[in-house]
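J.: The structure follows.
No lab work stands behind these numbers, since they all come straight from the coordinates. Only a predicted model underlies this, so the values are computations on that prediction, with no experimental measurement involved. With ideal geometry, Cβ positions are generated from the backbone for all residues, glycine too; neighbour counts draw on all protein chains shown.
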Amino acid sequence: MLTYDEYVSASSLDEAFDALDRIPGARIVAGATDLLPWAREGRAGDVHLPALVDVSAIAELGIVNDAGDRIQVGAAVPLISFEEDARLVAKAQVLGRCAVWFADDQIREQATLGGNIVNASPAGDSLPALLAMNAGLVLVRRVEGALIKRRMMLAEFITGPGKTQLLPREILLRVEFDPTPGYGASFEKVGHRRSLAISTVCMAALARLDANGAIDDVRVAIGAVGPVPERLVDAERALAGTQPDAANVREIAEQTADRVRSRSRQAYRREVLVNFVERGLIDALRRAGASIERLEKEMSNV
């Protein structure tokens, strides 16, 4: 059972920091969909917290801004927004494909983008998609009454399972990432069930073609196969500038098997990862405008 002494619903950053300063050990929550699993996992007895500080009503944490060269999404924006907000559907396609696979409808209405990041689960579904979009974070803390912000790339923020560079009494304010209109996007996930399962392997891919049909930009990121999600930079470099070719994609995908560093089900994860990278890249290239017929014919001959 999870119990707590006090529940604080903050309507501003200052109210949230007031509560954190006043109540040592208080825990920040927004959607709180991971709170009970966190309290239950690995614990034999009850978990008691001095306070929950709910930041979901803070205006700065609920923004969606698609102006300029980076999309800004507040940390408390629910994941369902990537399916329903027209701006995000058009410019953050890979996160929309990820959201479809995230838990179920009720949880997507409540679970927040920021929560999926700060929990730093190796199996966090949104993390490969965000890495593929070059996501950066804006963090905020209060020092002597002044709000101090700092920026950090997502790839640097997560340091291990459940471990981040979040400072004590610091809050994730928003996430910033590249808009990707014109890209083909793909997301793959496998678990014991379709949506509610924790990922055994997940991956996200983005691809854009140039005027001659060559691969102008390609990004692929993986999760749930090691301590932290990661971009497959070597695969991206090998594909950039080439014509879409199923045999080439397969060869590059086979080289990703050694990225599996999980302690369990390694052989299974290697096989799935190779197939996911191949299928995800082919799907992204198709959606970017590569010839479906030619790729299908090539894949059937591989």
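J.: Only helical DSSP H runs with n ≥ 4 go in: add -39500 (n - 2.57) per run for the chain, normalise by residue count and round the 222 nm mean residue ellipticity to 500 deg cm²/dmol. Working shown, then result.
T.: Numbers: 13 runs with 106 residues, N = 302.
After summing the helix terms and dividing by the residues of the chain, the value is -9500 deg cm²/dmol.
J.: Continuing with the same structure: Considering the convex hull of the alpha carbon atoms of the chain, report its projected area averaged over all viewing directions, in nm², one decimal. Kindly include the intermediate steps, with their values, before the conclusion.
T.: Details: hull surface 65.3 nm².
Quarter of the Cα hull surface area: 16.3 nm².
J.: Let me ask another. With unit charges on the beta carbons (Lys and Arg positive, Asp and Glu negative) and the dipole taken about the Cα centre of the stretch 60-177, which residue among Val175, Ala123, Gly96 sits farthest to the positive side?
T.: Val175
J.: Still on this structure: Which order do peptides 112-123, 203-214 fall in by mean Cβ count within 10 Å, highest first?
T.: 112-123, 203-214
J.: Now a separate question. Place a label point 7 angstrom from the Cα of Leu147 along the Cα-to-Cβ direction, then list the residues of the stretch 1-41 whose backbone nitrogen is under 11 Å away.
T.: Flagged as within label range: 12-17.
J.: On full extension of the chain, what length is gained from Glu156 through Ala214, given 0.36 nm per residue of separation minus the C-alpha to C-alpha distance?
T.: Working: separation 58, 0.36 × 58 = 20.88 nm, distance 3.10 nm.
Additional length available on full extension: 17.8 nm.
J.: Could you size up the charge dipole of the chain around its Cα centre, putting +1 on the beta carbon of Lys and Arg and -1 on that of Asp and Glu, and report it in debye to the nearest 20? Walk me through the numbers before you get to the answer.
T.: On the way: 36 positive and 42 negative charges, 135 e Å.
In debye, rounded to 20, the chain gives about 640.
J.: Would you count, across the chain, every pair of lysines whose alpha carbons are under 27 angstrom apart, provided the pair is eight or more residues apart or spans two chains? Present the calculation step by step, with values, prior to reporting the outcome.
T.: Numbers: Lys91/Lys149; Lys91/Lys189; Lys149/Lys163; Lys163/Lys189; Lys189/Lys297.
Taking the chain as the scope, the lysine pair count is 5.
J.: Can you quote the Å³ per residue value for the convex hull of the Cα atoms in the stretch 60-177, rounded to an integer?
T.: On the way: hull volume 11.9 nm³, N = 118.
Cα convex hull per residue, to the nearest whole number: 101 Å³.
J.: Determine, for each peptide in 282-290, 80-88, the mean count of other beta carbons within 10 angstrom over its residues, then list the peptides with the highest first. Don't skip to the end; give the middle numbers.
T.: Values: 282-290: 21.2, 80-88: 17.7.
Ranked by mean Cβ neighbours within 10 Å, highest first: 282-290, 80-88.
J.: Can you give me the Rg/Rh ratio for the stretch 208-282, using Cα atoms for both radii and the Kirkwood formula for Rh?
T.: That ratio equals 1.01.
J.: Cα-based Rg of the stretch 116-184 per 2.2 N^0.38 Å, rounded to two decimals? Can you show the working numbers first?
T.: Numbers: Rg = 13.2 Å, N = 69, 2.2 N^0.38 = 11.0 Å.
Normalised Rg, Cα atoms only: 1.20.
J.: Classify the stretch 1-89 from the C-alpha gyration tensor, please: rounded if a/c falls under 1.5, else prolate or oblate depending on whether a/b exceeds b/c. Intermediate values should be presented prior to the final figure.
T.: On the way: a/c = 3.41, a/b = 1.66, b/c = 2.06.
The shape class here is oblate.
J.: Additional query: Quick one: order Tyr7, Tyr183 by neighbouring beta-carbon count within 10 Å, fewest to most. Mind dumping the intermediate values first?
T.: Values: Tyr7 12, Tyr183 24.
Taking fewest neighbouring Cβ atoms as first place, the list is Tyr7, Tyr183.
J.: Along Cα→Cβ, 7 Å out, is where each label goes; now give me the distance between the ones at Val100 and Gln255 in nm to one decimal.
T.: For Val100 paired with Gln255, the spin-label model returns 3.0 nm.
J.: Is the stretch 2-54 rounded, prolate or oblate when judged by the Cα gyration tensor, a ≥ b ≥ c being the square roots of its eigenvalues, rounded requiring a/c under 1.5 and prolate requiring a/b larger than b/c? Could you put the intermediate results ahead of the total?
T.: Values: a/c = 2.98, a/b = 1.83, b/c = 1.63.
It comes out prolate by the Cα gyration axes.
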